[in-house]
Amino acid sequence: MDKKQKLLDLIDKAGKGSIEAAEKIAVGYYKGDFGEKNLTKAKKWASYAAKHGSEVAEELMGKL
């Protein structure tokens, strides 16, 4: 599965309420797993996941 398809699948899952998927998107954008790093999008997704109880996303927010 290519990076773009993986991202689309995660976005689909996050849209259906998967906080784990939102967390993976945030970390992926932060690390550049989907191509270039995008800290703006990483922050958006991390904020969403953190609001819903993700400790990983809360930790990531501290780095952004």
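What follows draws every value from the coordinates through simple rules; no lab data is involved. Because the structure is a prediction, the values reported are computed rather than measured. Cβ: placed from backbone, ideal geometry, glycine included. Neighbour counts: every protein chain shown.
Mean residue ellipticity at 222 nm, helices only, the chain: -23500 deg cm²/dmol; runs of at least 4 DSSP H residues each add -39,500 (n - 2.57), and the sum is divided by the number of residues. Report note on the peptides 10-16, 28-34: ranked by the mean count of other C-beta atoms within 10 Å, highest first, their order is 28-34, 10-16. For region 23-59, GluC sites (Glu not before Pro) meeting the loop criterion (DSSP other than H, G, I, E, B) and having at most 14 other Cβ atoms within 10 Å: E36. Compared with the rule-of-thumb size 2.2 N^0.38 Å for a compact globular protein, the chain has a Cα radius of gyration ratio of 0.99. With neighbour counts taken as other beta-carbon atoms within 10 Å, the residues K51, K44 rank, fewest first, as K51, K44.
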